[in-house]
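The values are calculated or read from the model by the stated rules, or taken from the named source; none is laboratory data. Bear in mind that the values here come from a model prediction, so they are computed numbers and not experimental data. So basically every Cβ, Gly included, is an ideal-geometry build from the backbone, and we count neighbours across all protein chains shown.
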Amino acid sequence: MPELILPGPRVHASFLEAMKEFEAEGRGVREDNSMLGRDILRYGGRWEDPEVFAEYAAAVRADADEDGPRPEGHVPCTTLWWVEGDTYLGRIAVRHRLNGFLLDYGGHIGYDVRASARRRGHATAMLRAALPVVHSVGIDPVLVTCDDTNTASRRVVEKCGGVFEDRRGKKLRYWIATGPAAPRVRRAGPGEAQAAGE
């Protein structure tokens, strides 16, 4: 059964296979400013070496440290890997707070599922499994965004209790309660009457 784990050497071989799948989709090019894209650019071609991979996993874990070094504009982030046994299926990143960009576009959470594991419910299960982690960081509710053209991601967010707030540019913004007794408030959906910015 899949589970969330801290980044580490257990899934090294399947992680490398997953990164090749992402690269085949065009991830890791200079224009890809996502967390995954930056990791591929920085470590791709080197993380086959177990020592480099261990260094990479340690750096990802250290990014959760409030006082750790990070690029300007970045916030502390807890990243967990979604795995089944020794098989890497995807990752979810929980940003501990929002800056201006994250409030409008990025949200608290980013996630990726490797191509060979998609359409099997992993994104939904991974997001649900991460909500207690989000709550433990002190975030309730949590902001999750997705592109307005990404129907699959929108369904994942809605299945996990996402309440639509608004659209900002191409991003749909949803809030998900992370606490056990948090109230649910329905707001207009993306196809309904909407606030300014559409």
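When you go through (1) farther than 27 Å from residue 157 by Cα; (2) surrounded by 18 or more Cβ atoms within 10 Å (Cβ to Cβ); (3) without any contact (Cβ under 8 Å) to a residue 12 or more places away in the chain one by one for residue 53, which number turns out not to apply?
Only one criterion is unmet by residue 53, namely (3).
What tally of residues in the range 94-118 results from selecting those that are basic (Lys, Arg) and crowded, with 16+ Cβ neighbours inside 10 Å? So that I can check it myself, show each step before the final result.
At the first step, the residues of the range 94-118 found to be basic (Lys, Arg) are 95, 97, 114, 118.
Imposing the further condition that a residue be crowded, with 16+ Cβ neighbours inside 10 Å reduces the set to 95, 114.
The total comes to 2.
Among the basic types (Lys, Arg), modelled with pLDDT of 95 or more and out of contact with any Asp or Glu (no Cβ under 6 Å at 6 or more places or on another chain): is that true of residue 128 in this structure?
In short, yes.
Modelled with pLDDT of 95 or more, part of a helix (DSSP H, G or I) and not hydrophobic (A, V, I, L, M, F, W, C), is that true of residue 111?
Criteria not met by residue 111.
Are there any pairs, at least 6 apart or on different chains, whose C-beta atoms fall under 7 Å, with the first in the range 150-166 and under 10 Å from residue 127 (Cα atoms) and the second hydroxyl-bearing (Ser, Thr, Tyr) and buried (at least 20 other Cβ atoms within 10 Å of the Cβ), and if so, which?
Pairs that qualify, where the first residue is under 10 Å from residue 127 (Cα atoms) and the partner is hydroxyl-bearing (Ser, Thr, Tyr) and buried (at least 20 other Cβ atoms within 10 Å of the Cβ), are 157/174.
Among the residues of the range 120-162 satisfying the criterion of being part of a strand (DSSP E or B) and touching a Lys or Arg at 6+ places or on another chain (Cβ under 6 Å), which is nearest to residue 180 (Cα to Cα)? Before you say what the answer is, go through the steps one by one.
Step one: of the range 120-162, the residues part of a strand (DSSP E or B) are 142-147.
The next check asks that each one be touching a Lys or Arg at 6+ places or on another chain (Cβ under 6 Å); those that pass are 145-147.
Values: 145: 22, 146: 24, 147: 28 Å.
Filtering first and then ranking leaves 145.
With respect to residue 25, determine if the residue is surrounded by fewer than 19 Cβ atoms within 10 Å (Cβ to Cβ), under 28 Å from residue 101 (Cβ atoms), touching a residue at least 24 places away in the same chain (Cβ under 8 Å) and out of contact with any Gly (no Cβ under 7 Å at 6 or more places or on another chain).
yes
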